[in-house]
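Trainee: Got a structure for you, written out below as structure tokens; questions coming shortly.
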Amino acid sequence: MQRGNTKKEILHRLSYCLGHVHGIENMVKEGRDCSDVLIQISAVDSALKKIKAILLQEYIGVLFAAIGG
């Protein structure tokens, strides 16, 4: 499905997200301020949106290639 570089980039971003989610979990357990938690959630949200954009771009490329575009 994905070319090597695309797959590598997606995996890297997913690893980043996982690390942040674990950090967020710890922040909640520690009772950190809501604004700090929300900032970290926003960072994960942005990273996931970027992953979605990469996947959509790749999928569109596959579709165009399939129809000879």
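The values are calculated or read from the model by the stated rules, or taken from the named source; none is laboratory data. It should be emphasised that the depicted structure is a prediction, and the values quoted were computed from it without experimental measurement. Note that each Cβ is placed from the backbone with ideal geometry, even for glycine, and that neighbours are counted across all protein chains shown. In case anyone asks, the SASA skips ligands and DNA or RNA and just uses the protein heavy atoms, side chains included. Shrake-Rupley method; radii C 1.70, N 1.55, O 1.52, S 1.80 Å.
Trainee: Within segment 4-44, work out how many residues are open to solvent by less than 70 Å² (accessible area, probe 1.4 Å) and either in contact with a strand residue (DSSP E or B) (Cβ under 8 Å, 6 or more places away or on another chain) or without any contact (Cβ under 8 Å) to a residue 24 or more places away in the chain (or both).
Mentor: 12
Trainee: Among L63, L48, which is the only one that is surrounded by 12 or more Cβ atoms within 10 Å (Cβ to Cβ) and assigned to a helix (DSSP H, G or I)?
Mentor: Answer to the selection: L48.
Trainee: Go through segment 20-57 and give me each residue that's of a type in the set (D, E) and under 15 Å from the mean Cα position of the chain (by Cα).
Mentor: Hit for segment 20-57 is D45, nothing else.
Trainee: Determine, yes or no, whether L55 is at pLDDT below 95, among the aliphatic types (A, V, I, L, M), part of a helix (DSSP H, G or I) and exposed (fewer than 11 other Cβ atoms within 10 Å of the Cβ).
Mentor: no
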